[in-house]
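Handing you this structure, nothing more for now.
None of the figures in this text is laboratory data; all of them are computed from the coordinates on show. Only a predicted model underlies this, so the values are computations on that prediction, with no experimental measurement involved. When we count neighbours, we look across all protein chains shown, and the Cβ atoms used for this are built from the backbone with ideal geometry, even at glycine.
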Amino acid sequence: MKLLKDWFLIGMIAGVVVASIAPDLARSGGVLHIDSLSDWGIFVIFFLHGVGLSTERLKQGLARWPVHLVVQVFTFVVFPIIGVILAVGGHHWLPHDLVLGFLYLCVLPSTVSSSVAMTSLARGNVPASIFNATFSTLIGVFLTPLLVTLLIGQDAGGGSLGSMIGKVATLLLLPFAVGQAVRPFAGAWFARWKPWTNLIDRGVILLLVWGAFSDSVAGGLWSTHGAGTIAITLLVSAAILGLVLTLSRNAARRCGFNTEDEITTVFCGSKKTLASGVPMAKLIFGATPALGVIVLPLMFYHQLQLFVCSVLAQRYARRAIA
């Protein structure tokens, strides 16, 4: 699994490099016509997510409603507030497209796989983590387009709120529901092929990232934004992650949560999903040339959260054993 994650990071870097060198390969209407495959790829990703979700594990975590409330408040209230503060305070020194990217990052739902994996590694409340991450993804189908409309507005370029929700629900929620429907009959078969389904999932995301950056490079990404944009994105992403980790831990302790629930709060409340975020960006922002810059904060934040949270999980695990 670690090797797959390393290859996934290498694949994202390679996608950016190849897009920078030869943008015509994967741009919209380009040689490989990746844009015509993107909708089918998104559908497949969320179908596989639906097949892979255990409904029983979801039900086990339902009872810890105070934890769920705190996590969802962080995901859809605290994060957007941070995004608005950053947009208001940073619009003089941050490129406009990057401001949109950080706002978009802050309105995304949590991620399922890494939240559950980190919670398990840290010996936290795994059923509560499964429920929170899944619930966040499902309501994010509606809340993320709504928050994009409220905070970003016309710059999103994806049409009306109803249009955005319709596109996101059709290509995210519908295949997820189909996957859940076939799980009783085909879940065991898909479980046997899980390494391959994970590979398909990551492969589609890499294609979307490659296509997004190809469109942006063709639209003048590097002539408008230099290496300084990369450095700023990394620093601001790290600052957001550090702030949210601190706030979520303190909130859990003030609420009197035990260590297991604190772990769930910290890991689920601080995560943002790359698996849903990149497809949603494609649906919400369309083929705008700025898409590569808009997803840049999410790409950096994703890697930072994996690294930092794995270190925290190991510390929690050692303390639990002691």
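What does the charge dipole of the chain about its Cα centre add up to, to the nearest 20 debye, if the Cβ of each Lys and Arg holds +1 and the Cβ of each Asp and Glu holds -1?
Roughly 1120 debye, rounded to the nearest 20.
Taking 0.36 nm per intervening residue step and subtracting the Cα-Cα distance, what contour gain separates CYS255 from TRP189 on full extension?
19.6 nm
Another question, then. Can you give the FRET efficiency for ALA239 and GLN314, using 1/(1 + (r/R0)^6), R0 = 30 Å, r = Cβ-Cβ distance, to the nearest 0.05?
0.85
Further question: Considering lysine pairs in the chain that are 8 or more places apart or on different chains, how many have Cα atoms under 22 Å apart?
Here the count comes out as 11.
Tell me, in nm to one decimal, what length is gained between ILE85 and ILE21 on full extension, where the rule is 0.36 nm per residue of separation less the Cα-Cα distance?
19.5 nm
Give the peptides 232-241, 255-264 in descending order of average Cβ contacts within 10 Å, highest first.
In descending order of packing, they fall as 255-264, 232-241.
For a footprinting-style exposure proxy, rank VAL70, VAL78 by other Cβ within 10 Å, fewest first.
VAL78, VAL70
Same structure again: Counting only complete DSSP H runs, which helices of the chain cover 20 Å or more along their long axis at the Cα atoms and score a mean Kyte-Doolittle of 1.0 or above?
Long hydrophobic helices here: 2-21, 34-52, 126-151, 227-254.
If I model a spin label at SER163 and LEU138 as a point 7 Å from the Cα along the Cα→Cβ vector, what separation in nanometres do I get?
2.9
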